[in-house]
Amino acid sequence: MTDFRKRILIVDDDEGVASGLAELLSDDWEVRVAMNGKQAVVAFAEFSPDVVLQDVLLPDTSGIDLLHQFKMYSETVAVIMMSGGGTLELVIESMKLGAETFLQKPFDYDVLKATLEQVSRIIATRRELMALRRGGASNVERLPGLSPAITHLNEILPHIARAQSPVLLEGESGSGKGVLARLIHNRSQRARAPFVDLNCAGLSKELLESELFGHERGAFTNAMNTKPGLFEIAGDGTLFLDEIGEMEPTVQARLLKAIEEKKFRRVGGIRDLRADFRLLAATNRDLPAEIAAGRFRSDLYYRLNVVRLRVPPLRERMEDLPILVEEVLRPLSKDMARPIPKVSPRAMRKLEAYPWPGNVRELRNVLERALLTLSGDEIRSEDVTIEAATGPMPAKGGGLPSEEWEIQPLDDVVANYVSAAVEATGGNIRKAARQLQISPSTLYARLKDAPKAAS
């Protein structure tokens with residue numbers, strides 16, 4: 001990635017403050033200084049800063065008016081307001097007009113440095129969103145996001161794509177393993193050959209073998225015709241096996257043999273066929289634990305584990321959420337033949353506060369639901385309906401809900417608490433009832449109703 005210094009415009013009528021800030025920031029930033037509003041407007045037009053660090057009180061204009069001018073000129077510029085005598089009203093007005101934050105003078109360098117680092121991340125996110133809106137081809141060739149984990153994956157992606165080795169992708173369901181697999185294929189020398197994928201979960205041994213290896217006519221009941229398997233269809237391309245941890249051990253052995261010998265036979269066949277595909281595999285299971293439990297072959301694991309990549313869950317890279325929202329909304333809006341809607345700040349905060357157990361897949365479902373019922377051109381907080389499909393989400397505030405989706409039906413809360421109380425007393429009903437300050441018969445009734453409430 002190209003390394004360049006970002007530009008910052010310092011606007012302050014105190015020459016000592018302005019020159020001191022310029023000296024502090026000159027190592028990491030390209031700095032321009034203006035002593036009043038008129039100089040600032042000229043410098044802004046000539047310099048095109050990424051960040052403006054400006055005082056609220058200026059000799060020839062109001063810092064609030066100047067902020068408004070800058071935002072009218074360039075909505076993406078980040079403006080940090082500072083003042084020695086700022087009031088709450090000034091702070092609120094600045095933030096309403098689009099200031100990133102408000103620094104109270106005097107402030108130390110560590111505070112300024114942390115603020116600028118945060119603003120730099122905001123700038124990077126805005127640029128990424130602008131690139132996505134332009135629909136540039138380069139966005140198709142990388143994972144969307146700027147978090148450290150995604151940045152690292154994008155940096156090593158070209159090297160992984162050029163190799164011929166198998167790749168094992170690890171990560172939770174819905175985190176984007178399939179997207180990464182397709183990117184590896186698209187950036188490889190096999191890009192013009194087929195990309196074939198199969199989810200191994202829920203497939204019987206017979207069906208999985210037929211899908212992968214194909215079968216000859218008469219190989220089993222109802223095998224009326226010869227069928228080529230995915231090994232043949234992939235040819236010189238890429239075969240992506242999702243949820244490989246679900247694969248039957250006997251099929252694992254045949255897969256390993258095909259990878260190592262680069263040949264295989266159809267089910268019921270006697271002729272060797274060439275297998276020159278590149279294998280990408282994904283799992284949300286702990287494969288070493290599966291090996292210890294005897295459910296996954298260690299030799300296949302070692303063969304797959306040449307290159308291992310972890311795709312982080314969405315909750316570990318929440319700084320990528322605005323970019324992912326844009327990435328998801330574009331194709332959804334196109335499918336629905338409608339303009340891409342904006343997302344209100346309140347709606348975005350609601351999305352950012354949720355832990356996303358279903359990851360990007362769940363995010364897509366939430367946004368699709370919002371689009372289906374949207375009447376305007378902006379997704380607002382009330383348009384975002386989040387339903388935790390995996391059961392009650394743990395509340396952050398000592399068991400009390402602090403977010404909308406943490407609220408549970410009262411009967412469920414009582415039932416869960418009663419069951420937990422009995423479990424905590426080792427199943428002693430009388431002791432649990434005494435501590436709950438109810439009669440044992442009432443506790444029995446609550447326990448009897450608990451499954452009904454929980455369901």
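Against the numbered list (1) of a type outside the set (A, V, I, L, M, F, W, C); (2) in contact with a strand residue (DSSP E or B) (Cβ under 7 Å, 6 or more places away or on another chain); (3) part of a helix (DSSP H, G or I), Arg190 comes up short only at (3). Residues in the range 85-104 that are more than 32 Å from the chain's Cα centre (by Cα) and touching a residue at least 24 places away in the same chain (Cβ under 8 Å): Gly85, Gly86, Leu90, Glu93. One residue stands out in the range 258-284 among those that are within 21 Å of Glu243 (Cα to Cα) and charged (D, E, K, R): the one that is surrounded by the fewest Cβ atoms within 10 Å (Cβ to Cβ), namely Glu260.
If I go through the range 274-284 residue by residue, how many of them are touching a Phe, Trp or Tyr at 6+ places or on another chain (Cβ under 6 Å) and assigned to a strand (DSSP E or B)? Residues in the range 274-284 being touching a Phe, Trp or Tyr at 6+ places or on another chain (Cβ under 6 Å) and assigned to a strand (DSSP E or B): 1 in total. Do the conditions hold for Leu239, that is, is it closer than 19 Å to Leu309 by Cβ and part of a strand (DSSP E or B)? Against the criterion (closer than 19 Å to Leu309 by Cβ and part of a strand (DSSP E or B)), Leu239 qualifies.
One line per residue, one yes/no per condition, for (1) crowded, with 17+ Cβ neighbours inside 10 Å; (2) more than 15 Å from Lys113 (Cα to Cα):
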position: Ile10; (1), (2): yes, no
position: Asp14; (1), (2): no, yes
position: Gly20; (1), (2): no, no
position: Leu25; (1), (2): yes, no
position: Met35; (1), (2): yes, yes
position: Ala45; (1), (2): no, yes
position: Pro49; (1), (2): yes, yes
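Yes or no, residue by residue, for (1) over 21 Å from the mean Cα position of the chain (by Cα); (2) on the phi > 0 side of the Ramachandran plot; (3) in the same structural domain as Glu260 (by TED's automatic domain parsing):
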position	(1), (2), (3)
Glu155	no, no, yes
Leu168	no, no, yes
Gly174	no, yes, yes
Ala193	yes, no, yes
Gly214	yes, yes, yes
Leu230	yes, no, yes
Thr238	yes, no, yes
Ile244	yes, no, yes
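If you go through the range 291-331 and keep only what is under 30 Å from Phe231 (Cα atoms), surrounded by fewer than 19 Cβ atoms within 10 Å (Cβ to Cβ) and not basic (Lys, Arg), you end up with Ile291, Ala292, Ala293, Gly294, Ser298, Asp299, Tyr302, Asn305, Val306, Val307. Of the helices (runs of 4 or more DSSP H) lying entirely inside the range 285-353, those carrying at least 2 residues that are more than 30 Å from His159 (Cβ to Cβ) and touching a residue at least 24 places away in the same chain (Cβ under 8 Å) are 321-335, 345-353. For the range 110-127, the count of residues that are over 25 Å from Ser74 (Cα atoms) and at pLDDT 75 or above is nonzero. Ser19 meets the conditions (1) under 27 Å from Asn154 (Cβ atoms); (2) out of contact with any Pro (no Cβ under 7 Å at 6 or more places or on another chain) in every case but one. The failed one is (1). Of the residues that sit in the range 224-257 and are of a type in the set (Gly, Ala, Ser) and touching a strand residue (DSSP E or B) at 6+ places or on another chain (Cβ under 7 Å), which one is surrounded by the fewest Cβ atoms within 10 Å (Cβ to Cβ)? Among those that are of a type in the set (Gly, Ala, Ser) and touching a strand residue (DSSP E or B) at 6+ places or on another chain (Cβ under 7 Å), it is Gly237. Taking the range 1-114 as the region of interest, the strands (runs of 3 or more DSSP E) fully inside it that hold 3 or more residues being touching a Lys or Arg at 6+ places or on another chain (Cβ under 9 Å) are 6-11, 29-34, 78-83. Quick check: anything in the range 38-51 under 17 Å from Tyr109 (Cα atoms) and either at pLDDT 90 or above or outside the structural domain of Thr115 (by TED's automatic domain parsing) (or both)? Yes, some residue in the range 38-51 is under 17 Å from Tyr109 (Cα atoms) and either at pLDDT 90 or above or outside the structural domain of Thr115 (by TED's automatic domain parsing) (or both).
Only one of the numbered conditions (1) modelled with pLDDT of 90 or more; (2) more than 30 Å from Leu180 (Cα to Cα); (3) of a type in the set (A, V, I, L, M) is violated by Leu351, and that is (2). Annotation for the range 195-203: no member residue is among the acidic types (Asp, Glu), in a helix (DSSP H, G or I) and under 22 Å from Gly229 (Cα atoms). Of the candidates Ala421, Ala433, Ala450, the single residue that is modelled with pLDDT under 80 and surrounded by 15 or more Cβ atoms within 10 Å (Cβ to Cβ) is Ala450.
The values are calculated or read from the model by the stated rules, or taken from the named source; none is laboratory data. Here the structure is a predicted model, which means the values were calculated and not measured. All Cβ positions, glycine included, derive from the backbone under ideal geometry; neighbour counts span all protein chains shown.
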